[in-house]
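Below you'll find the structure, written out as structure tokens, and then a few comments.
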Amino acid sequence: MVDVAIIGCGVVGAATAYTLAQYDLSVTVLERENDVATGTTKANSAIVHAGYDPEPGTLMARLNVEGNRLVKQLASQLDVPCKEIGSLVLAFDEKDLETIETLYRRGVANGVPDMRLLSAEETLALEPALSKEVKGALLASSAAIISPWELCLALAEVAVENGVTLRRNSPVTAIEKIEGGYRLTAGGEPVEARMVVNAAGAEADRIHDLVAPHAFTTLPSRGEYYLMDKSQGALVDHVIFQCPNKDGKGVLVSPTVHGNLIVGPNAEPVDCPTDVAVTAGGLAFVKKQAARSVPGINYRDAIRNFAGVRAVTDQPDFIIAEAQGAPGFIDLGGIKSPGLTSAPAIAEEAVALLEKAGLPLRKKEQFVARRRRIRFKELSSKEKAALVAENPAYGRVICRCETITEGEILDALHGPIPPVSIDGVKRRCNPGMGRCQGGFCGPRVQEIIARELSIPQQQVPQDKAGSQILVGRTKEKGGA
């Protein structure tokens, strides 16, 4: 019997695993997919929010501001791309001006540092590409942009290197209370644990209902995005928000840490928490709304559209609590925005609840808390030459758009959590992230995965299990 089982390895589950890995405990993470960060964690706005939006006194307010600090600290420590560029909430009329004043006061109450209300002239001086209809803005300098899947992966990798067990392809289908804890059925196999953390994202309500009376309901909300080529990446320098509404923080326009521009999302209720379809209507709405803020976006330079599902629930705040009648079973539900920002702080809350439920916390004498990875294109010419001399694989460029080498792909494939798919490699070291979206490098990445894992290319999926690209060989001309 392990001390703790964590259900789900999105950014919240990974952050919880990372935090628990610092103690003398046995921890197992159960992830239903073939990789970490395959749900909402990989499909969101990639923003580290400042913390002026949540209502003062809520968990969201407190954990957003604390998470903002912790995420930046972890990004530096674990070599995750993160840039503190600040955000602007735009006002277009008198009502919006009142809203940004309210957000400013709310931010002050929440403890958000470095905020300022700007006039129209000050706003346009900072961001000349904005609509000339802007009447003012709230500047929050502590907001940042990050690579969300890399944050999740980094947290999970460090957890694994410090003794946490990660079981992929292990969806939890049943939970039974037993003497001293719980027996979970995951991927058809039993896992016994003294305590459980439910970090199942948009399916946290279903997991909760396996062991306790119904307490909350997920109301999945899909958000659709445009990802623009790097030719559009410098159009704005800040995260550009519109005033929030009942559906969330509205359509944003923002640079990404990889040099692109991201535009979106809308907010569309969906029946299924895995419904990530991209629709013509949704994208048209995003495009129309974004034009209010930044009218000069060239959508001919869009290189990808995608959608993610928010874990909205019938409760307004994060749900971080021990389930009724289930001692040591901790729910982390309703982790919508600012969930990415709050993840490390949510993890600390979860661990505190586990301790309160009786989990002994003894710090490890040795905890490997650092992570570094090679990004070949960021090295100096001298560093590149030395690396290639040591390992010629770094001299073979596989992804021309992003200048990703075979050496970096091999590092990913032999890392603490080896990818099994083309997109899994992409999330680790970026081949396929560029203008051609894998059109050139995808087949080469597939070959390398098959070679290194000693499997046929037909067994290499694009992303999740079942998304195979190759299904067989055609007969040769003249063959039998």
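The values are calculated or read from the model by the stated rules, or taken from the named source; none is laboratory data. Predicted, not measured: the structure shown is a model, and the values here were computed from it. Here Cβ is always computed from backbone atoms with ideal geometry, including for glycine, and neighbour counts include all displayed protein chains. These area figures cover heavy atoms from the full protein model, side chains too; ligands, DNA and RNA do not enter into them. Shrake-Rupley method; radii C 1.70, N 1.55, O 1.52, S 1.80 Å.
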Condition first: under 22 Å from the mean Cα position of the chain (by Cα) and open to solvent by 30 Å² or more (accessible area, probe 1.4 Å). Now tell me which residues in region 82-100 satisfy that. C82, K83, E84, I85
Looking only at region 277-314, count every residue that is within 21 Å of A91 (Cβ to Cβ), open to solvent by less than 20 Å² (accessible area, probe 1.4 Å) and not in a loop (DSSP other than H, G, I, E, B) and tell me the total. 3
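Residue-by-condition table, conditions (1) touching an Asp or Glu at 6+ places or on another chain (Cβ under 6 Å); (2) modelled with pLDDT under 95; (3) closer than 24 Å to G432 by Cβ; (4) of a type in the set (A, V, I, L, M, F, W, C):
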| residue | (1), (2), (3), (4) |
| --- | --- |
| R167 | no, no, no, no |
| A174 | no, no, no, yes |
| I178 | no, no, no, yes |
| D209 | no, no, no, no |
| Y226 | no, no, yes, no |
| G259 | no, no, yes, no |
| N266 | yes, no, no, no |
| P269 | no, no, no, no |
| G281 | no, no, no, no |
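Select the strands (runs of 3 or more DSSP E) contained entirely in region 166-276, then report the ones holding at least 2 residues which are in contact (Cβ under 8 Å) with a residue 60 or more places away in the chain, out of contact with any Leu (no Cβ under 8 Å at 6 or more places or on another chain) and open to solvent by less than 40 Å² (accessible area, probe 1.4 Å). Let's see the steps before the verdict.
Working: elements: 172-178, 181-186, 189-198, 221-228, 239-241, 252-255, 261-264.
Where strands (runs of 3 or more DSSP E) fall fully within region 166-276 and carry at least 2 residues being in contact (Cβ under 8 Å) with a residue 60 or more places away in the chain, out of contact with any Leu (no Cβ under 8 Å at 6 or more places or on another chain) and open to solvent by less than 40 Å² (accessible area, probe 1.4 Å), they are 181-186, 221-228.
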Would you check which residues across region 61-99 are under 16 Å from P148 (Cβ atoms) and β-branched (V, I, T) and list them? V71, V80, I85
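Could you tell me whether E378 is of a type in the set (D, E), touching a residue at least 24 places away in the same chain (Cβ under 8 Å), open to solvent by 10 Å² or more (accessible area, probe 1.4 Å) and farther than 24 Å from G180 by Cβ? Give the derivation first.
On the way: of a type in the set (D, E): yes; touching a residue at least 24 places away in the same chain (Cβ under 8 Å): no; open to solvent by 10 Å² or more (accessible area, probe 1.4 Å): yes; farther than 24 Å from G180 by Cβ: yes.
Judged against the criteria, E378 is not a match.
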Return only the number of the condition from (1) among the aliphatic types (A, V, I, L, M); (2) more than 17 Å from G250 (Cα to Cα); (3) in contact with a Lys or Arg (Cβ under 7 Å, 6 or more places away or on another chain) that A91 does not satisfy. (2)
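Right, S380: in contact with a Ser or Thr (Cβ under 8 Å, 6 or more places away or on another chain) and of a type in the set (S, T, Y) or not? Talk me through it step by step, then tell me what you get.
On the way: in contact with a Ser or Thr (Cβ under 8 Å, 6 or more places away or on another chain): no; of a type in the set (S, T, Y): yes.
No, not satisfied.
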Taking region 315-343 as the region of interest, how many residues are touching a Leu at 6+ places or on another chain (Cβ under 9 Å) and surrounded by fewer than 24 Cβ atoms within 10 Å (Cβ to Cβ)? 6
May I ask you to list pairs of residues, at least six apart or on different chains, whose Cβ atoms are under 7 Å apart, with the first in region 129-155 being within 30 Å of P431 (Cβ to Cβ) and of a type in the set (G, A, S) and the second being part of a strand (DSSP E or B) and open to solvent by 10 Å² or more (accessible area, probe 1.4 Å)? A144/C82; A144/K83
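Give region 315-332 a look and list any residue that's touching a His at 6+ places or on another chain (Cβ under 7 Å) and assigned to a strand (DSSP E or B), or say none.
Keep residues of region 315-332 that are touching a His at 6+ places or on another chain (Cβ under 7 Å), which gives 323, 331.
Once the filter is applied, which keeps residues that are touching a His at 6+ places or on another chain (Cβ under 7 Å) and assigned to a strand (DSSP E or B), region 315-332 yields only D331.
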Looking across region 262-292 at residues that are within 19 Å of E133 (Cβ to Cβ) and aliphatic (A, V, I, L, M), the single one that is nearest to the chain's Cα centre (by Cα) is V263
Scanning for something at pLDDT below 95 and open to solvent by less than 60 Å² (accessible area, probe 1.4 Å), does region 354-370 turn up at least one residue? yes
Could you give every pair whose Cβ atoms fall below 8 Å, whose first residue belongs to region 397-417 and is among the hydroxyl-bearing types (S, T, Y), and whose second residue is in a helix (DSSP H, G or I), counting only separations of at least 6 or pairs across chains? T403/F376; T403/K377; T405/F376; T405/A393; T405/Y394; T405/G395
Out of region 114-128, which residues are within 28 Å of the chain's Cα centre (by Cα) and not charged (D, E, K, R)? M115
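With respect to Y23, is the statement that it is touching a helix residue (DSSP H, G or I) at 6+ places or on another chain (Cβ under 7 Å) and more than 20 Å from R427 (Cβ to Cβ) true?
Numbers: touching a helix residue (DSSP H, G or I) at 6+ places or on another chain (Cβ under 7 Å): no; more than 20 Å from R427 (Cβ to Cβ): yes.
So Y23 does not fit the description; no.
Could you name every one of the strands (runs of 3 or more DSSP E) located completely within region 21-136 that has at least 3 residues being under 20 Å from C9 (Cβ atoms)?
Details: elements: 27-30, 87-91, 115-119.
The strands (runs of 3 or more DSSP E) meeting that bar are 27-30.
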Name every residue in region 9-27 that is more than 26 Å from K83 (Cβ to Cβ) and open to solvent by 10 Å² or more (accessible area, probe 1.4 Å), in order of residue number. Q22, Y23, D24, L25, S26
Could you check T40 against (1) under 30 Å from L124 (Cβ atoms); (2) touching a helix residue (DSSP H, G or I) at 6+ places or on another chain (Cβ under 7 Å); (3) crowded, with 24+ Cβ neighbours inside 10 Å and say which number it fails? (1)
